[in-house]
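Visitor: Take this structure, written in structure tokens, and hold onto it; I'll ask about it next.
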């Protein structure tokens, strides 16, 4: 009987807290298996996209570079972003500059912390969330060739993934 009561209380708590869900997400063109390919001395502007597709309220987030701040900087005027509900393409613009003395084969990382800012509330307890988005960088060449180093051959699974993302945008 105690177990059933505990399960019932836990379920009730989950249901009550799920009524107050707000969530945001971030998408990037770069991840562990698809790093940003650069060469020494190169500067590249990259974009992360914020989205707010869950809940019913607009959200506000604060952005900071927590790793790689010697090679990356935010290009936007403010480090606080408003994400309206139902929007999935609020850009975070970042400039990455690789030092001239970077060695071929080095792996660098830029870590971007996205922290949800709570609404002003009279609630005794306010929970917020955060996302750490990493941008892995590989130094592959010295930049002496004209070949674009960020173009990779797309495989079959990349094509399928692109199709899934494309069709998901309609729903």
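Throughout, read-outs are computed from the coordinates displayed, never taken from laboratory work. Just so it is clear, the structure is predicted and the values come from calculations on it, not from any experiment.
Visitor: Rg and Dmax of segment 55-105 over Cα atoms: what are they, in angstrom?
Guide: So, for segment 55-105, Rg and Dmax equal 15.0, 49 Å respectively.
Visitor: Right, here's the next one. Could you give the length gained on full extension between residue 75 and residue 130, defined as 0.36 nm per residue of separation minus the Cα-Cα distance, in nm?
Guide: Result for the pair: 17.7 nm of gain on full extension.
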